[in-house]
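Enquirer: Encoded as structure tokens, here's the structure I'll be asking about.
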Amino acid sequence: MGLFSTLFKKEEKLEEDILSVFPQEIYRSGELSLIDVISPAALEINPSFIRLGEKFARTIFVFSYPRYLHTNWFSPIINLDIVFDISIFVHPVDTADMLRQLRKQVARVESQIRTREDKGFVRDPILDTALRDLEDLRDKLQQATEKLFNFGLYLTVFGDNEEELNKNESHIKSILEAKIVYSKPALFQQAEGFNATLPINDDQLLIHNYLNSSPVSSTFPFVSFDLTSNKGILYGINRHNNSLILFDRFSLQNANSVMFAVSGAGKSYMMKLEILRSLMFGIDVIVIDPEREYEFLSQAVGGAYFNISLTSTHHINPFDLPPAREDESPADVLRSTIVNLIGLFRIMLGGLTPEEDSILDRAITETYASRDINPESDFSRIRAPLLSDLALVLASTEGGEGLATRLKKYTEGTWAGFLNQPSNLDMRNRLVVFSVRDMEEELRPVAMYIILHFVWNTIRAQLKKRLLVVDEAWWLMRHEDGASFLYGIAKRARKYYLGLATITQDVADFMTSPYGKPIVTNSSMQILLKQSPATIASVVETFNLTEEEKFLLLESDVGEGIFFAGLKHVAVKVVGSYTEDQIITSDPSQLLLIKKAKEEFQNQNQAPGR
């Protein structure tokens, strides 16, 4: 201990000797300060670029503008997906001094025009145009409707190497030149140019053009691809400018949407996020879930979850009739239900001949009549017939015996539990999910059709703000009657304050249906996430995408794509909070971790002494 004590005293004595020789401020100058933290490791100034540590930077300035600048002309630059800084300097010019200069300039141009006339030269359109512009500007300045400014526009572009720097500069210059706006690099003034684009309001370049108020205002830098409104839910982050995509689907012409993406691209994740956030705004949600992905979400928010299968205790009777609304007659409701039932039987029986169609139409009408149901009935006070009742009517109808035989597999045995039962579902919940995962693949399109019909009857019965989600809609689109029914809902949804959200991964099957494109055109919102090379051509043709947008979809990560809303569209990145992610994730690795954590928690609580 004595040795360490001696060394410690000697170190203290050495520090006292240093402080006695060197002033306190010199000693303290060696301490780390904030400027040391934010400063680059090295700085190299070249005639055409600056090197900041490992980054390269080049400042360019705009030196020429066209006669007219339209609004938003600068937005393609603002929304470029490259790193750069922009500085805009607007120096007001004294109006009285400028009017004196303009008067002299007008006199000079008029003199040139008269001289050319005296010499018999043909009219010079450039001089005539210049005179008109000068006179117009003089009038506007005199009337105080415009002001004049010295305007400087500088851009500092960054890159990881000189080659990338040149590429980024060329990209920006090509966009500007397409609008007849010309720029140059600040040769031998890169230090001044870099300082001019720092947020310190120091215009060291002083390279200006005279611009009046209108063209200056057209350069307003915050006009960009934007989908932010005063109300609505958060759909994601705008990848163009990192703004929030806040939007209300019910503010559009219709509240329908379609979503296309490959498996694993984040379709269900994005939809579940919208469901969670829509519930907070008082919107009721109904989901048709083919893969049991929405079960945990339903449990988390206290929703109703119905598992539709051959052995399920939940039943839907396709013969149910909704009560007639004030604006429709019972006859219309009965007729519409019969038409939808014939569409259902086409799917169940693999198609119908014209004769079978006619026989079935008459038999369904007689089946309803056997329960005293006619166009004048009060449907709220009746008990709907079952499929077995129709089979009995068909068996006693001339030409209907074959149809009755084909229906036996749905009225007898295992399959009878699915279709030949009265409805026993309670739809009085904010979130209702129908799962068809456990339904046999052969019957899945039938189940989805019946559920949609049942849901549609519920929607028609009471006007409420609702969202209907049909996941993996290609199951329905494979059958013309299923696609037709879905299209009918898309067309009529707005009348019932309903938004139809159609989700599919099989774009080819969806678009080859005669109702595929009409459903897309009747959807004011379209969401395209990552696409496969095999289907991208169909997507490009349907949505009229550019080459850049095409490659964006091919190279997108999970939860990234393009968000269309009305006439606007932006690149989107879907983002959820940690709590939302735990509720809605369908990533198998995350689900295993969550399951393991639950098991560990249960084991700890069941341990002795607990």
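Enquirer: Test each condition in (1) surrounded by fewer than 13 Cβ atoms within 10 Å (Cβ to Cβ); (2) β-branched (Val, Ile, Thr); (3) part of a helix (DSSP H, G or I) for residue 414 and report the one that comes out false.
Expert: Checking residue 414 against (1) surrounded by fewer than 13 Cβ atoms within 10 Å (Cβ to Cβ); (2) β-branched (Val, Ile, Thr); (3) part of a helix (DSSP H, G or I), the one that fails is (3).
Enquirer: Can you name every residue in the stretch 537-583 that is part of a loop (DSSP other than H, G, I, E, B) and within 30 Å of residue 298 (Cα to Cα)?
Expert: Within the stretch 537-583, the subset part of a loop (DSSP other than H, G, I, E, B) is 544-546, 556-559, 566-567, 574-577.
Across the stretch 537-583, the qualifying residues are 556, 557, 558, 559, 574, 575, 576, 577.
Enquirer: Scan the stretch 196-212 residue by residue and report those that are under 12 Å from residue 92 (Cα atoms) and in a loop (DSSP other than H, G, I, E, B). Explain how you work it out, then say what you get.
Expert: To start, the set of residues in the stretch 196-212 that are under 12 Å from residue 92 (Cα atoms) comprises 208-212.
The answer is 208, and nothing else.
Enquirer: Can you name every residue in the stretch 497-517 that is surrounded by fewer than 22 Cβ atoms within 10 Å (Cβ to Cβ) and modelled with pLDDT of 90 or more?
Expert: 497
Enquirer: Restricting the stretch 446-459 to residues that are under 27 Å from the mean Cα position of the chain (by Cα) and farther than 16 Å from residue 325 by Cα, which is surrounded by the most Cβ atoms within 10 Å (Cβ to Cβ)?
Expert: First, pick out the residues of the stretch 446-459 that are under 27 Å from the mean Cα position of the chain (by Cα): 448, 452, 455-456, 459.
Imposing the further condition that a residue be farther than 16 Å from residue 325 by Cα reduces the set to 448, 452.
Details: 448: 27, 452: 22.
Only one residue tops the list, namely 448.
Enquirer: Looking at residue 382, is it of a type in the set (Val, Ile, Thr), closer than 30 Å to residue 495 by Cα and in contact with a Lys or Arg (Cβ under 9 Å, 6 or more places away or on another chain)? Working first, answer last.
Expert: Values: of a type in the set (Val, Ile, Thr): yes; closer than 30 Å to residue 495 by Cα: yes; in contact with a Lys or Arg (Cβ under 9 Å, 6 or more places away or on another chain): yes.
Here the answer is yes, as residue 382 does meet what is asked.
Enquirer: Okay, next question. Quick one: how many residues across the stretch 558-568 are over 16 Å from residue 268 (Cβ atoms) and in contact (Cβ under 8 Å) with a residue 12 or more places away in the chain? Full working, then the answer.
Expert: Going through the stretch 558-568, the residues over 16 Å from residue 268 (Cβ atoms) turn out to be 562-568.
Still in the running and in contact (Cβ under 8 Å) with a residue 12 or more places away in the chain: 562-566, 568.
So the answer is 6.
Enquirer: Condition (residue is in contact with a Lys or Arg (Cβ under 7 Å, 6 or more places away or on another chain) and either modelled with pLDDT under 90 or among the β-branched types (Val, Ile, Thr) (or both)) applied to the stretch 264-281: is it met by at least one residue?
Expert: Start the filter on the stretch 264-281 by keeping residues that are in contact with a Lys or Arg (Cβ under 7 Å, 6 or more places away or on another chain), which leaves 265, 279.
This time we only want the ones that are either modelled with pLDDT under 90 or among the β-branched types (Val, Ile, Thr) (or both), so: 265.
So far as the stretch 264-281 goes, yes, one or more of its residues are in contact with a Lys or Arg (Cβ under 7 Å, 6 or more places away or on another chain) and either modelled with pLDDT under 90 or among the β-branched types (Val, Ile, Thr) (or both).
Enquirer: Is it the case, given these coordinates, that residue 391 is part of a loop (DSSP other than H, G, I, E, B), at pLDDT 85 or above and not charged (D, E, K, R)?
Expert: Numbers: part of a loop (DSSP other than H, G, I, E, B): no; at pLDDT 85 or above: yes; not charged (D, E, K, R): yes.
For residue 391, the condition - part of a loop (DSSP other than H, G, I, E, B), at pLDDT 85 or above and not charged (D, E, K, R) - is not met.
Enquirer: Does residue 443 satisfy being under 30 Å from residue 232 (Cβ atoms) and in contact (Cβ under 8 Å) with a residue 40 or more places away in the chain?
Expert: Working: under 30 Å from residue 232 (Cβ atoms): no; in contact (Cβ under 8 Å) with a residue 40 or more places away in the chain: yes.
Considered against the rule, which asks whether it is under 30 Å from residue 232 (Cβ atoms) and in contact (Cβ under 8 Å) with a residue 40 or more places away in the chain, residue 443 comes out as no.
Enquirer: OK, next. Which members of the stretch 390-411 meet the condition of being surrounded by fewer than 20 Cβ atoms within 10 Å (Cβ to Cβ), under 24 Å from residue 451 (Cα atoms) and in contact (Cβ under 8 Å) with a residue 40 or more places away in the chain? Steps first, answer last, please.
Expert: Taking the stretch 390-411 and keeping what is surrounded by fewer than 20 Cβ atoms within 10 Å (Cβ to Cβ), we get 392, 395-399, 401-402, 404-406, 408-409, 411.
From the residues that got through so far, the ones that are under 24 Å from residue 451 (Cα atoms) too are 404, 406, 408-409, 411.
Within the stretch 390-411, 406 is the sole residue that qualifies.
Enquirer: Hand me the list of strands (runs of 3 or more DSSP E) wholly inside the stretch 242-331 holding 2 or more residues that are touching a residue at least 40 places away in the same chain (Cβ under 8 Å) and in contact with a His (Cβ under 9 Å, 6 or more places away or on another chain).
Expert: Values: elements: 244-247, 257-260, 284-289, 304-307.
Of the strands (runs of 3 or more DSSP E) lying wholly inside the stretch 242-331, those with at least 2 residues that are touching a residue at least 40 places away in the same chain (Cβ under 8 Å) and in contact with a His (Cβ under 9 Å, 6 or more places away or on another chain) span 304-307.
Enquirer: Can you confirm whether residue 462 is without any contact (Cβ under 8 Å) to a residue 12 or more places away in the chain, surrounded by fewer than 21 Cβ atoms within 10 Å (Cβ to Cβ) and out of contact with any strand residue (DSSP E or B) (no Cβ under 7 Å at 6 or more places or on another chain)? Lay out the reasoning, then the answer.
Expert: Working: without any contact (Cβ under 8 Å) to a residue 12 or more places away in the chain: yes; surrounded by fewer than 21 Cβ atoms within 10 Å (Cβ to Cβ): yes; out of contact with any strand residue (DSSP E or B) (no Cβ under 7 Å at 6 or more places or on another chain): yes.
So residue 462 fits the description; yes.
Enquirer: Still on this structure, I have one more. Which fully enclosed strands (runs of 3 or more DSSP E) of the stretch 41-156 have 2 or more residues being modelled with pLDDT of 75 or more, within 35 Å of the chain's Cα centre (by Cα) and under 30 Å from residue 201 (Cα atoms)?
Expert: Numbers: elements: 43-45, 50-52, 55-64, 84-92.
Where strands (runs of 3 or more DSSP E) fall fully within the stretch 41-156 and carry at least 2 residues being modelled with pLDDT of 75 or more, within 35 Å of the chain's Cα centre (by Cα) and under 30 Å from residue 201 (Cα atoms), they are 55-64, 84-92.
Enquirer: Okay, next question. Determine which single condition residue 570 fails, assuming it passes every other condition in (1) modelled with pLDDT of 85 or more; (2) touching a His at 6+ places or on another chain (Cβ under 7 Å); (3) not polar (S, T, N, Q).
Expert: Every listed condition holds for residue 570 apart from (1).
Enquirer: For the stretch 242-262, which positions are within 18 Å of residue 487 (Cα to Cα) and surrounded by fewer than 16 Cβ atoms within 10 Å (Cβ to Cβ)?
Expert: So in the stretch 242-262, the residues within 18 Å of residue 487 (Cα to Cα) come out as 253-260.
Listed by number, the list holds a single entry, 253.
Enquirer: Within the stretch 417-445, which residues are farther than 17 Å from residue 319 by Cβ and buried (at least 20 other Cβ atoms within 10 Å of the Cβ)? Before the answer, list the steps.
Expert: Of the stretch 417-445, the ones farther than 17 Å from residue 319 by Cβ are 426-445.
Hits for the stretch 417-445 are 431, 432, 433, 434, 435, 436, 439, 443, 445.
Enquirer: Scan the stretch 175-195 residue by residue and report those that are part of a helix (DSSP H, G or I) and either within 15 Å of residue 88 (Cα to Cα) or not assigned by TED's automatic domain parsing to the domain that holds residue 79 (or both).
Expert: 192, 193, 194, 195
Enquirer: If you don't mind, there's one more thing I want to ask. With the requirement that a residue be farther than 21 Å from residue 418 by Cβ and surrounded by 17 or more Cβ atoms within 10 Å (Cβ to Cβ), what does the stretch 339-357 give you?
Expert: Taking the stretch 339-357 first, the residues farther than 21 Å from residue 418 by Cβ are 339, 353-357.
Correct list: 356 only.
Enquirer: A further question follows. Considering only strands (runs of 3 or more DSSP E) fully contained in the stretch 462-533, which possess at least 3 residues that are hydrophobic (A, V, I, L, M, F, W, C), touching a Gly at 6+ places or on another chain (Cβ under 7 Å) and under 13 Å from residue 260 (Cα atoms)? If you could, list the steps in order and put the result at the bottom.
Expert: Values: elements: 466-470, 498-504, 525-529.
Here the list reads 525-529.
The values are calculated or read from the model by the stated rules, or taken from the named source; none is laboratory data. No experiment lies behind these values; they were computed from the predicted model shown. Note that we place each Cβ from the backbone using ideal geometry, even for glycine, and neighbour counts take in every protein chain shown.
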